[in-house]
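The values are calculated or read from the model by the stated rules, or taken from the named source; none is laboratory data. This structure is a prediction, so every number in the text was calculated from the model and none was measured. Cβ coordinates were reconstructed from backbone atoms using ideal geometry, including for glycine residues, and neighbour counts include every protein chain displayed. Remember, those area values only see protein heavy atoms, side chains included, never the ligands or the DNA or RNA. Shrake-Rupley method; radii C 1.70, N 1.55, O 1.52, S 1.80 Å.
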Amino acid sequence: MPSVTLYGKYEELFLTMKSIIGSSQGRVLNEVPDELFSNNVNFFVKSYLINACTYLEAYLQDAAFDHARKINDRVKNACVPHNFLLWKISKEVKENDLKFVDAGFKINKKKISDEISGNPYRTINLFRLLGVDLMLEEQFEYNMELVLSVVVKRNNIIHHNDNANDVSFADILSYIDVFLVYIKSIEQALVNQA
């Protein structure tokens, strides 16, 4: 079962970000606007969008790593001989690969980081490798296209210098609400399919 505090940690980060964005928006909409914010709205909007996607990807990485670690713990607790698993999953067992120990796997956060992305299709693929079908969660499926469009927008800002004039503070606030529902659905998939 995933750590309840993992979702809570990211929910808190996103809610803090929403507060900051709301404050920034207020500074622009004040009767006497704050010139720093009103003259640089686009900079702040792009920065907040990039940060929101960064939080999303950090959650995905942490959730996948936590789940992989728990799977590995179950394998270790089952006390299955390493050689038996090797024999059953390898096409050819080499003498050098044989070990007279219980099975266990190195869980590498970098490998998970290389596989995971804010892109829902890459997220689906990694969690599928972890034995979790995210598409069984209605809210995941319902929100994945919007999440994809936000991640693509972020990628266009970073890699193609997109000016993101079509995104506002209000848009980012609504994206964060969707991200929270989206990561909650992933958390639920991890609980339901543990």
Worksheet, complete the sentence: Computed over the chain, protein heavy atoms only, probe 1.4 angstrom, the accessible area per residue in square angstrom equals 59
Worksheet entry | Most to least packed among 147-154, 21-28 [average Cβ atoms within 10 Å] | 147-154, 21-28
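Could you order 5, 123, 16 so the one with the most accessible surface comes first? Probe is 1.4 Å.
On the way: 5 100, 123 0, 16 75 Å².
These residues rank, largest area first, as 5, 16, 123.
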Worksheet item: Considering the values [x] 29; [y] 41; [z] 52, which represents percent of Cα pairs over 27 Å apart as calculated for the structure under consideration?
Response: [y]
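Could you grab the relative contact order for the stretch 97-156? Cα pairs under 8 Å, six or more apart, rounded to a whole percent. Provide the component values of the computation, followed by the final result.
On the way: 27 pairs, mean separation 16.6, N = 60.
Once normalised by length, the contact order is 28 percent.
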Response to the item:
Counting every C-alpha pair in the stretch 57-135, the percent lying more than 17 Å apart is 53
Practice prompt. Would you work out what percent of the accessible area of the chain, with all protein chains in place, is carbon or sulfur (probe 1.4 Å)?
Written response: 54
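Using Cα pairs under 8 angstrom and six or more residues apart, how large is the relative contact order of the stretch 1-140, in percent?
On the way: 99 pairs, mean separation 31.0, N = 140.
Reported as a whole number, the value is 22 percent.
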Item to complete: Compute the long axis of helix 41-78 from its Cα atoms, compare it with the longest principal axis of the Cα atoms of the chain, and write down the angle in degrees, 0 to 90, nearest 10.
Response: 20
Worksheet item: Of all the stretches in the chain, which is the longest one without any exposed loop site, taking GluC sites (Glu not before Pro) in a DSSP loop (any state but H, G, I, E, B) with at most 14 other Cβ atoms within 10 Å?
Response: 93-194
Worksheet item: Each residue of the stretch 104-121 in order: what ³J(HN,Hα) in whole Hz does its phi give by Karplus 6.51 cos²θ - 1.76 cosθ + 1.60, θ = phi - 60°, with x for Gly and Pro?
Response: x, 10, 6, 9, 10, 4, 5, 4, 5, 4, 5, 8, 8, 7, x, 5, x, 5
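Let me check I have the definition right: for the stretch 5-116, take the eigenvalues of the Cα gyration tensor, multiply each by 5, take square roots. What are those semi-axes in whole Å, largest first? Spell out each step's value before the answer.
Numbers: eigenvalues 512, 40, 9 Å².
Computed over the stretch 5-116, the values are 51, 14, 7 Å.
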